[in-house]
1. List the longest stretch of the chain that has no exposed loop site; here a site is one of the trypsin sites (Lys or Arg not before Pro) assigned by DSSP to anything other than H, G, I, E or B, with at most 13 other Cβ within 10 Å.
2. Aspartates and glutamates near Lys138 by alpha-carbon distance under 13 Å, same-chain residues fewer than 8 away left out - which ones?
3. So, counting K/R as plus one and D/E as minus one, what does the shell of residues with Cβ under 12 Å around Ala267 add up to?
4. Using the Cα gyration tensor of the range 198-301, with a ≥ b ≥ c the square roots of its eigenvalues, what is the shape: rounded (a/c below 1.5), prolate (a/b larger than b/c) or oblate (neither)?
5. So what is the relative contact order for the range 328-433, in percent, with contacts set as C-alpha pairs under 8 Å and at least six apart?
6. Net charge near His355, counting Lys/Arg +1 and Asp/Glu -1 over other residues with Cβ under 13 Å of its Cβ?
7. Remind me, relative contact order of the chain in percent, using alpha carbon pairs under 8 angstrom and six or more residues apart?
8. Please turn the phi angles of the range 281-294 into ³J(HN,Hα) values with the Karplus equation 6.51 cos²θ - 1.76 cosθ + 1.60 (θ = phi - 60°), one per residue in order, whole Hz, x for glycine and proline.
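The values are calculated or read from the model by the stated rules, or taken from the named source; none is laboratory data. Remember, predicted model here, so these are calculated numbers, not experimental data. Glycine also receives a Cβ, built like all others from the backbone with ideal geometry; neighbour counts cover every protein chain displayed. These area figures cover heavy atoms from the full protein model, side chains too; ligands, DNA and RNA do not enter into them. Shrake-Rupley method; radii C 1.70, N 1.55, O 1.52, S 1.80 Å.
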Amino acid sequence: MANGSSNGCAAAPPKNFEIAIIGGGIAGLSLAIGLHQRNVPCTLYERASNFHEIGAGVSFSPNAVQAMEVCHQGIHEAFEKVCTRNGWASKRKVWFDFLDGTVENEDASFSINTSLGQNGVHRAHFLDELTKLLPANKVQFGKQIENISEDSQGKKVMKFTDGTSASADAVVGCDGIRSTVRQIIVGASHPSARPTYSHKYAYRGLVPMDKAIEAIGEERAQNACMHMGPDGHVLTFPVNHGEKLNIVAFRTTPDEWDGGDRLTKSAHRQEALRDFAGYNSLVLGLLKLTEEELSVWAIFDLGDHPVPTFYKGRLSIAGDAAHATSPHHGAGAGFCIEDSAVMSELLADQCVQSHKDLEAAFAAYDKSRRERSQWLVQSSRRIGDCYEWRAAGVGKDFKKIENEIEERMGIISNLDLIQAIQDAKEDLKRRVV
Ligand SMILES: Cc1cc2nc3c(=O)[nH]c(=O)nc-3n(C[C@H](O)[C@H](O)[C@H](O)COP(=O)(O)OP(=O)(O)OC[C@H]3O[C@@H](n4cnc5c(N)ncnc54)[C@H](O)[C@@H]3O)c2cc1C
């Protein structure tokens, strides 16, 4: 549906505007690819000296996979190239098998299925494939945005910390959870300018699959599992075409994060084992496989203070910059790609030509995306607590936990993105006439 042809506007004249994208994570890259493939002029500005992702897994639900196809078929092909599904044919529709992590019983308490089951990728491998879809001249590295002003022609002027500047007709901040563009839009002192600590942290590891099979057996190592427990949960899924097992061990704490401004800190494996004392041999067996020096991730989100708007004039935000969420639905990155699909379609629409139209496109994007993505942030908090038997009215009742997950995963997975985009374009059309 690229270049939106059926919304009643006249034949598409070439675009004479330029979009600046700030940040080259999954949100910024997928948006740049979506725009470039629709002949919308854009440049991506990334503060690092190259594209980078951490050595960990990320999984995608059916809505995310559809968003890849809509954004650009090449993104979907890149994903298929690096995607790993559950190892057993009988588990192809299983998202996760849920187990009681505190008893010595290897049977699942229940399983949650989706139409595509589990789809895990190694982040860095996926990003490597994505970068191949964007010409090098569309990207500028070493550009950390500091502020944005407007010149006498109405162009947005971006000032970078290296003293340089660049201009564009509109700017999309895909600069992650600590977004500078969000701060510029809402004001540095607004409560949503900064994310807050969810009082959960996570140890992450990638371990060789043969070692994992030795430690916990084939069924649990080769297929995605969620080990539940009091105030903690451990999830695993295979990546690297089944050669590695991705492990993420979450813990809830009443304490504040002591890592200062950093979202990660290092810890010793012994600390993880202490945190999960009392869990069963599957959980402890998994943790013993991790490196001695582990990274711990603080889970921050925008749940306490949702952003009141995803745009202001011709500035907008997408991905974690707009709706950073805890990862308990495994959907944050997928929602980044949903954002990119909607934004690409709107900006490529033939109705969008002038500065005023660009603002209208951002308004239609805000209307289309804000409610759903802010729901995710709250739902993710709730479901993380369900996995840890902490959710009010649910506790350790496995039937209730299963029902909550089913219902919420349904809302995430069963989005009709094509319809959502059509609705957003109708909205855009009303705004530009
Ligand atoms: C433990 C954990 C597990 C997760 N698991 C999953 C999962 O299984 N499935 C899923 O869908 N999601 C998952 N997520 C969420 C997912 O990782 C994020 O939603 C997603 O990666 C955010 O992408 P982004 O592009 O918005 O931001 P980022 O990946 O943070 O990218 C932002 C980019 O902007 C750049 N940048 C920042 N500031 C500036 C600046 N001032 N100027 C220029 N550039 C700048 C950064 O260098 C970076 O490249 C998980 C998150 C965590 C913490």
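1. Within the chain, the longest run free of exposed trypsin sites (Lys or Arg not before Pro) spans 263-433.
2. Within the straight-line limit of under 13 Å, Lys138 reaches these aspartates and glutamates: Glu18, Glu46.
3. Local net charge: -1.
4. prolate
5. Result for the range 328-433 is 40 percent.
6. -1
7. Computed value for the chain: 22 percent relative contact order.
8. These are the phi-based 3J(HN,Hα) values: 5, 5, 5, 5, x, 5, 5, 5, 7, 6, 4, 5, 9, 10 Hz.
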